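See structure below.
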Amino acid sequence: GLVNTKEMFAKAIKGGYAIPAFNFNNMEQLQAIIKAAAEEKSPVILQVSKGARNYANPLLLRYMAQGAVEYAKSLGWEHPQIVLHLDHGDSFELCKDCIEHGFSSVMIDGSHLPYEENVALTKKVCDYAHQYDVTVEGELGVLAGVEDEVSSDHHTYTDPEEVIDFATRTGVDSLAISIGTSHGAYKFKPEQCTRDANGRLVPPPLAFNVLDAVMEKLPGFPIVLHGSSSVPQEYVEEINEYGGKLPDAIGIPEEELRKAAKSAVCKINIDSDSRLAMTAAVRKVLATKLAEFDPRKYLGPARDEMEKLYKHKIVAVLGSNGKA
Ligand code: G3H
Ligand code: 13P
Ligand code: NA
Ligand code: ZN
């Protein structure tokens, strides 16, 4: 069945790699994630936001995730290491409901709350979840952009002085931190970037000093990075070529994520890149094959493109291939 993140994270930290946490809300994404993980023998976290859960339906989702484990086995993956994780849980009730619906891991995102309220809420979720062997991710620090339906126009980096107190008082299993990543396909404004010789935007570096300081306070503790899509320019260009409009979309360079994956960062969240892969492939078919109206003819290529993307992330960015 599904597993929690405990052993997975301990091994990843020792081994100097990170586990992919891929968001999904539909069958094609799920198939592509499982196929990529099974073929690369990578542990994987299937991640579901509150909105995705409502979109897919909580009951269906439960059986989709269970089906994913069986599907993985049918692909020749003997012992699938698959987690079903709630992304950005915003209340105790939602976390509890997910646990009742078969999730093996949840995030409670109290990062927008005053510190003491974040501690109290995270502890409440941990005390409940741990009774069922469900692992819990908490968050300290605020990412710029929209997170958990709350938006902020600037980063508030995680304060390394808070992490020991937070981890000990809450009992949380992993900690998401803010070091300059953000959600979506517009992670930096053009004016925050420089340009390379070809005129392409080059984003400012992540605050690795904050990550280092957190790791110094909590040696060996599982750290999570949200907002870690790289926004591949091939997809952005393809989308724009076939009628889309994503001006100056930009993400986190893969080298920075590779560097993070070698540290105590053991979970890296990627959603936007999969959305871009899917959209680029669908747009291309619809723009070039005008007579096509069978969804399988555009969702199929989209699924193939996502599988390619997931494998690339696993092998070239996270280094989690062959670890399950
Ligand atoms: O952190 C946000 C994830 O990318 C999920 O986004 O709420 O649009 O499903 P969503
Ligand atoms: P991206 O928008 O960078 O893919 O981040 C996803 C994420 O952090 C989900 O929680
Ligand atoms: Na790591
Ligand atoms: Zn996130």
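Read-outs: derived from the displayed coordinates by stated rules, not from any lab. Computed from a predicted structure; not experimentally measured. So basically every Cβ, Gly included, is an ideal-geometry build from the backbone, and we count neighbours across all protein chains shown.
The table below gives the values:
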| quantity | calculated |
| --- | --- |
| Taking Cys266, Cys95 and counting other C-beta atoms within 10 Å, the order from fewest to most | Cys95, Cys266 |
| Debye, to nearest 20: dipole size of the stretch 6-318, +1 on Lys, Arg Cβ, -1 on Asp, Glu Cβ | 940 debye |
| Alpha carbon convex hull of the chain, projected area averaged over orientations, nm² | 16.0 nm² |
| Using a Förster distance of 25 Å, the FRET efficiency for Asn54-Tyr128 (Cβ separation, nearest 0.05) | 0.70 |
| Simple spin-label estimate for Glu117 and Asn198 in nanometres, 7 Å along Cα-Cβ | 4.7 nm |
| Charge dipole (the stretch 6-318, unit charges on Cβ, about Cα centre) - positive-most of Ala38, Val163, Leu225 | Ala38 |
| Pairs from Lys11/Lys123; Lys41/Lys124; Lys14/Lys217 whose Cα-Cα separation, in the structure shown, is over 28 Å | Lys41/Lys124 |
| Förster radius 45 Å - calculated FRET efficiency between Gln66 and Glu161, Cβ distance, rounded to 0.05 | 0.60 |
